[in-house]
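Asks: One structure follows; several queries about it will come next.
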Amino acid sequence: MPLFDLSLEELHEYRSASAEPEDFDAFWSKTLQEAREHDLDARFEPVDTGLATVSVYDVTFAGFGGHPVKGWLTLPAGASERLPLVVEFVGYGGGRGLAHQHLLWASSGRAHFVMDTRGQGSAWGGGGGTADPVGGGPAFPGFMTRGVDAPEHYYYRRVFTDAVRAVEAARSHPLSDAARTTVLGGSQGGGISIAVGGLVPDLAAVAPDVPFLCDFPRAATLTDRHPYREIGLFLKTHRGRTQDVLRTLSYFDGVHFAARASAPALFSAALEDQTCPPSTVFAAFNAWAHEDKAIEVYDFNDHEGGGPYQEAAQLRWLRSYA
């Protein structure tokens, strides 16, 4: 696929037209306050994986609504002092998978927590184990329009709340150094990490790769590739509801979370990415409030982005932060 979006020069100047809701901060403050009325109840159960270099824990904690959310915590074997913490969120349709699939960050001497995404985990990878017990109104198949009738009902309200609680759960482990916490992820995981970057004020670093869930007004009209296409297909049937849907999505737009970011960030974008078009990624990057920010650009890649090259870039970059 040749380049289809703005030029690189234009991308660095691009600003989203997504309208920020006046009650954005109040909405999220109330949402997190309600979640914290439930005991976090973080439980870490040792798992026998047969691996000699890491220790793994099967984690359960209370997310949105007090609902149980799963995760893996992986530590370097024999660790006895507090470690820098990496909290990872996974891509659309995936789950936490199997414990032995997550070795990179523990191998770098860090504690690594990967959150299961509620209701997902059945499209690729090793599966997931977290249900989403909340129902919703009519929706197009997938997750993008579940509960889109109102911000209070929208699916990603639950996911983003789970993610904030995942950071709190991971930090509660005695070998995690809360002051050196990084959040990261690719695609949907990148979008979730941007949301957490705007909702958790004391992170050491944020590293979103080819992030999803950014600049909804442009994304929904620029690309015909799923998952963004779910929005258009929903509106194709539900005629006349465009503004209502965009209003709901504005409470979950990475651009508005980025504007509240208080930690250094390393983004990545791929210029042939039709799943998360580069202009939507740059919309969040350009809005990122912390002045210490950088973006790796992969000229001839689609949504795979930098892959292992981006992991290597993160390993180098994080040395300065956590």
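Asks: Pick out which of Val90, Val297, Val114 has the largest mean-square fluctuation in a Gaussian network model of the chain, springs linking Cα atoms closer than 10 Å.
Replies: Highest fluctuation among the options: Val297.
Asks: I would also like to ask the following. What do you reckon, how do Ser172, Ser279 stack up by accessible area (1.4 Å probe), largest on top?
Replies: Ser172, Ser279
Asks: Going by average Cβ density within 10 Å per residue, which order do the peptides 184-197, 262-275, 58-71, 39-52 take, highest to lowest?
Replies: 184-197, 262-275, 58-71, 39-52
Asks: If one takes the longest principal axis of the Cα atoms in the chain, at what angle in degrees, from 0 to 90 and to the nearest 10, does the Cα axis of helix 24-35 lie?
Replies: For helix 24-35, the angle is close to 40 degrees.
Asks: Continuing with this model, one more query. Taking the highest mean first, how do the peptides 28-37, 115-124 order by number of other beta carbon atoms within 10 angstrom per residue?
Replies: 115-124, 28-37
Asks: Once you sort the root eigenvalues of the Cα gyration tensor of region 1-117 as a ≥ b ≥ c, which label holds: rounded (a/c under 1.5), prolate (a/b larger than b/c) or oblate (the other case)?
Replies: Here region 1-117 falls in the oblate category.
Asks: Counting pairs of alpha carbon atoms under 8 Å apart in space and at least six apart in sequence, what relative contact order in percent does region 136-242 give? Working shown, then result.
Replies: Values: 130 pairs, mean separation 25.3, N = 107.
Computed over region 136-242, the figure is 24 percent.
Asks: If you take the square roots of the eigenvalues of the alpha-carbon gyration tensor of region 202-244 and sort them as a ≥ b ≥ c, do you get rounded (a/c under 1.5), prolate (a/b over b/c) or oblate?
Replies: Note, shape of region 202-244 comes out prolate.
Asks: Using 7 Å Cα-to-Cβ label points, what is the Glu37/Leu3 separation (nm, one decimal)?
Replies: It is 5.2 nm.
Asks: Label region 192-322 by shape, choosing from rounded, prolate and oblate, from the square roots a ≥ b ≥ c of the eigenvalues of the Cα gyration tensor; if a/c is under 1.5 it is rounded, and otherwise prolate applies when a/b is larger than b/c, oblate when it is not. Kindly include the intermediate steps, with their values, before the conclusion.
Replies: Numbers: a/c = 2.90, a/b = 1.51, b/c = 1.93.
Cα axes put region 192-322 in the oblate bin.
Asks: Give me the distance in nm between label points sitting 7 Å out from Cα along the Cα-to-Cβ direction at Glu20 and Glu304, one decimal.
Replies: 3.8 nm
Asks: Could I ask something else about it? Between Ala179 and His226, how high is the FRET efficiency from 1/(1 + (r/R0)^6) when r is the Cβ-Cβ distance and R₀ = 41 Å? Nearest 0.05. Could the numbers behind the result be given before it?
Replies: Values: r = 39 Å, r/R0 = 0.95.
Given R0 = 41 Å and the Cβ-Cβ separation, E is 0.55.
Asks: Follow-up question, since we're still on this one. How would you rank 228-237, 146-155, 303-312, highest first, on the average number of other Cβ atoms within 10 Å across their residues? Kindly include the intermediate steps, with their values, before the conclusion.
Replies: Values: 228-237: 17.5, 146-155: 19.8, 303-312: 16.0.
Answer by packing, highest mean first, reads 146-155, 228-237, 303-312.
The values are calculated or read from the model by the stated rules, or taken from the named source; none is laboratory data. Worth saying up front: this structure is predicted, and the values here are computed from it rather than measured. Note that each Cβ is placed from the backbone with ideal geometry, even for glycine, and that neighbours are counted across all protein chains shown. These accessible areas exclude ligands, DNA and RNA; they are computed on the full protein's heavy atoms, side chains included. Shrake-Rupley method; radii C 1.70, N 1.55, O 1.52, S 1.80 Å.
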